[in-house]
Amino acid sequence: MNNPQLPLGLALRDSARFESFFPGQNQEAVSSLQAAAQGTGESLVYLTAPAGLGKTHLLQAACHVAGESGRRSGYLPLAELRQVATAVFDGLEQLELVCLDDVDAVAGEPLWEHALFDLFNRLRDAGRTLLVTASQRPDAAGFKLPDLASRLGWGASYVLKPMAEADIMAALAYRARARGLELPLETAQFLLRRFPRDLPTLFALFDTLDLASLVEQRRLTVPFVKSVLDGNP
């Protein structure tokens with residue numbers, strides 16, 4: 001998205017793709033986001049989940065799909081932009097897809113709520129698609145503007161389900177296979193014992209291991225992983 005009012009550093013992660021997201025029990029939500037990104041699904045999708053379950057990954061994946069479908073898109077992480085002027089919303093109705101991450105970060109702030117309400121109406125009038133994530137449902141997110149909370153609840157709504165240990169290991173193995181690697185079961189179990197079980201942390205860790213494996217031409221065995229994590233590959 002070309003908007004000179006946005007700060008630098010908001011580029012999409014190339015790795016944030018639907019193909020690299022293990023849906024687990026969330027296949028319906030993922031399919032809905034894919035269809036919306038392509039312009040064949042709901043015009044509004046509201047995704048609720050606590051941090052660490054992949055909300056940002058999915059919104060950025062939707063932007064990638066939109067681009068591949070010839071649709072212009074924009075991704076705005078409101079938790080990072082709340083200190084920026086609400087003018088970041090200006091002209092977004094020109095885009096076919098707008099993705100607002102952590103929309104509840106601006107809940108309770110009158111200027112932001114009215115700007116968001118106005119943006120919602122402009123997007124709807126223009127026939128655009130809006131994808132929104134938050135940690136709470138619209139009616140529980142802390143919005144003071146009743147009409148805003150009401151409108152955010154008009155579309156499809158999904159709550160991302162947390163992954164069980166087996167699902168997390170399957171997600172890591174899925175990511176490994178996508179990169180042409182094998183992740184032994186004992187290595188996955190070792191990672192889950194040693195690190196927090198949220199996917200962003202584990203995926204960032206896996207990126208480090210992937211690079212080390214490529215450089216050293218080593219398999220992801222437990223001894224090799226331990227040596228990389230201890231700084232002695």
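Would you pull out the residues with amide H under 5 Å of G41's amide H, same chain only if 5 or more places away, H placed 1.01 Å from N?
Here the answer is A36, since their amide H atoms fall under 5 Å of that of G41.
Against the longest principal axis of the chain, how steep is helix 165-178, in degrees 0 to 90 to the nearest 10, with axes from Cα atoms?
Once rounded, the angle reads 80 degrees.
Which length gain, in nm to one decimal place, applies between Q189 and Q83 when the Cα-Cα distance is subtracted from 0.36 nm times their residue separation?
Using 0.36 nm per residue and subtracting the Cα-Cα distance, I get 34.1 nm.
Rounded to the nearest whole Å², what accessible area per residue is found for the chain with the 1.4 Å probe?
Ligands and nucleic acids excluded, the result is 48 Å² per residue.
Tell me, what ³J(HN,Hα) does each residue in the stretch 223-231 have, in order and in whole Hz, if you take phi through Karplus 6.51 cos²θ - 1.76 cosθ + 1.60 with θ = phi - 60° and put x for Gly and Pro?
Along the stretch 223-231, the couplings run x, 5, 4, 4, 5, 5, 5, 8, x Hz.
Tell me what the chain gives for mean residue ellipticity at 222 nm when only DSSP H runs of n ≥ 4 count, each as -39,500 (n - 2.57), the sum divided by the residue total, rounded to 500 deg cm²/dmol.
That calculation yields -13500 deg cm²/dmol at 222 nm.
What base-10 log of the normalised intensity I(q)/I(0) is obtained for the chain from the Debye formula, alpha carbons as equal point scatterers, at q = 0.13, 0.14 Å⁻¹?
-0.80, -0.90
On a 0 to 90 degree scale, rounded to 10, what angle separates helix 27-38 from the longest Cα axis of the chain?
60 degrees
Counting alpha carbon pairs within less than 8 Å and at least 6 residues apart, what relative contact order, in whole percent, applies to the chain?
The normalised contact order for the chain reaches 22 percent.
In whole percent, how big is the carbon plus sulfur part of the accessible area of the stretch 14-130, probe 1.4 Å, protein atoms only?
46 percent
Name all residues of the stretch 31-72 having a backbone nitrogen under 17 Å from the label point set 7 Å from the Cα of Q25 along its Cα→Cβ direction, giving them as ranges.
31, 48-55
When the accessible area of the stretch 158-233 is computed with all protein chains present and a 1.4 Å probe, what percentage of it is carbon and sulfur?
55 percent
Could you give the distance between the Cα centres of the stretch 100-124 and the stretch 79-95, to the whole Å?
9 Å
Just to check, using Stokes-Einstein with a Kirkwood Rh over alpha carbon pairs, what's the diffusion coefficient of the stretch 107-233 at 20 °C and 1.002 mPa s in µm²/s?
For the chosen part, D equals 119 µm²/s.
Output the 0 to 90 degree angle, nearest 10, between the alpha-carbon long axis of helix 199-216 and the longest principal axis computed from the alpha carbons of the chain.
Taking Cα atoms only, the helix is inclined about 40 degrees.
The values are calculated or read from the model by the stated rules, or taken from the named source; none is laboratory data. Owing to the predicted nature of the structure, the values given are computational and were not obtained by experimental measurement. Cβ: placed from backbone, ideal geometry, glycine included. Neighbour counts: every protein chain shown. Areas reflect the complete protein model, heavy atoms only, side chains present, ligands, DNA and RNA absent. Shrake-Rupley method; radii C 1.70, N 1.55, O 1.52, S 1.80 Å.
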